[in-house]
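For reference, the structure is listed below as structure tokens.
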Amino acid sequence: MHASTRSRQRIFVPFALLTSATLFLTACGSGTDDSAASGTAQAAARSDAVPTEDVVSAIRKDEAAARLLPSGVSSVTLAVSVGGNPPGTTFLDDGKTLAGQDVDFARAVAKVLGLGIRTEQASFEAILPALDSGKYDVGVSNFGVTTERLKTIDFVTYINDGQGFAARKDSKLSRVTDLKQLCGLNVATGAGTTFESTLEENKHLCTDAGKKAYEVQTYSEQGAIWSSLQQGRTDVVMSTINGLRFAVARQEGVRFLNEFRRLDVGFAFKKGTPLAPAFRAAVDKLIADGTYARILEKWGTTGSAIDKSQISPPELKG
């Protein structure tokens, strides 16, 4: 969601984790000495941190689902944001092969529908506007279904994830059930996300209560968020429930606090897309034949399972 966030502190830094539990490395710099480190924009994720089980190649085309595709459609252009913590999308150690839960679901749906996929990388915050302009056919990057996004985007749901918090182990925070608990703290999150919007839209809760507002720090790379937390520049991280659980399990000195709210997550399309019925049927086919459960088990996200796919359901409340 792209709410007005002019007051935020937007930070672009090299993507690197500093502990032995490092999940990703990057050679991409922003005017620092790191910019000369290597030639690739994002280096390989550690193979021991990223599951590599093949849960897709054995999937067969389902003719009933494929018949729901618009006439003449044989391939789609898929936009994906690379650089998040698994189960988000990253590279394997060859620096070329994409891996992640969203990628597995996209490939699985394509197999069910007999579709070819041309995958293009894009920044998270750029994908939804590009769908509306017709640059891409579908976007997949753990996009939560929100009322604001539903104004211009159609979704086909495939998991239920949502918003959560993490902090260093020495933090006084144990759970965040009210954003006023964050007053006076530095809160890090991803740029262009629902987390950023939630934080920016609710900063007034602190000032309304006569407290100092929290500072929202937005980063273009997940690795930079964790570096900031580890180094003490950030007090708490807000991100996806699944991504936080995966990350804290592989880093010393940080802990998952709690789930804050749940959101449906879906494939994103331009509003009014004729592709939605076929994609929904494909997700339901994967649920029925057990492939869906195997993908979730691979990424350790069985708590995000849904019973059936939906097209553009209303935003979950509460």
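The values are calculated or read from the model by the stated rules, or taken from the named source; none is laboratory data. These numbers come from a predicted model, not from an experiment. Glycine also receives a Cβ, built like all others from the backbone with ideal geometry; neighbour counts cover every protein chain displayed.
Observations, loosely collected:
- Failed item, numbered, when Ser141 is tested on (1) at pLDDT 95 or above; (2) touching a Gly at 6+ places or on another chain (Cβ under 9 Å); (3) not β-branched (Val, Ile, Thr): (1)
- Some residue of the range 149-167 being within 13 Å of the chain's Cα centre (by Cα) and farther than 30 Å from Asp54 by Cβ: yes
- Applying the criterion of being within 19 Å of Ser123 (Cβ to Cβ) and of a type outside the set (Gly, Ala, Ser) to the residues of the range 200-223, the residue that is surrounded by the most Cβ atoms within 10 Å (Cβ to Cβ) is Gln222.
- Within the range 177-197, being β-branched (Val, Ile, Thr) and surrounded by fewer than 20 Cβ atoms within 10 Å (Cβ to Cβ) holds for one residue alone: Thr177.
- Residue in the range 271-283 that is farther than 23 Å from Asp104 by Cβ and crowded, with 17+ Cβ neighbours inside 10 Å present: no
- For the range 190-236, the helices (runs of 4 or more DSSP H) that sit wholly inside it and include 2 or more residues that are modelled with pLDDT of 95 or more and over 21 Å from the mean Cα position of the chain (by Cα) are 204-208.
- Qualifying residues in the range 192-230 (those that are among the small types (Gly, Ala, Ser) and touching a helix residue (DSSP H, G or I) at 6+ places or on another chain (Cβ under 8 Å)) - the one farthest from Gly164 (Cα to Cα): Ala209
- Residue within the range 143-165 that is touching a Pro at 6+ places or on another chain (Cβ under 7 Å), touching a residue at least 24 places away in the same chain (Cβ under 8 Å) and buried (at least 17 other Cβ atoms within 10 Å of the Cβ) present: yes
- Listed by position, the helices (runs of 4 or more DSSP H) contained in the range 41-141 that have at least 2 residues being out of contact with any Cys (no Cβ under 8 Å at 6 or more places or on another chain) and within 19 Å of Asp161 (Cα to Cα) are 101-113, 124-133.
- Within the range 284-300, restricting attention to residues that are surrounded by fewer than 22 Cβ atoms within 10 Å (Cβ to Cβ) and touching a Pro at 6+ places or on another chain (Cβ under 8 Å), the residue that is modelled with the highest pLDDT is Lys298.
- Residues that are of a type in the set (Phe, Trp, Tyr), closer than 22 Å to Ser75 by Cα and in a helix (DSSP H, G or I) do occur in the range 277-291, at least one of them.
- Condition check for Arg280: in the same structural domain as Thr189 (by TED's automatic domain parsing) and of a type in the set (D, E, K, R): no
- Qualifying residue in the range 251-260 (condition: outside the structural domain of Phe124 (by TED's automatic domain parsing), closer than 27 Å to Thr198 by Cα, touching a Leu at 6+ places or on another chain (Cβ under 8 Å) and part of a loop (DSSP other than H, G, I, E, B)): yes
Yes/no per residue for (1) farther than 21 Å from Gln163 by Cβ; (2) surrounded by fewer than 23 Cβ atoms within 10 Å (Cβ to Cβ); (3) of a type in the set (Lys, Arg):
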site	(1), (2), (3)
Gly232	yes, yes, no
Ser239	no, no, no
Asn242	no, no, no
Arg250	no, yes, yes
Leu257	no, yes, no
Phe260	no, yes, no
Val265	no, no, no
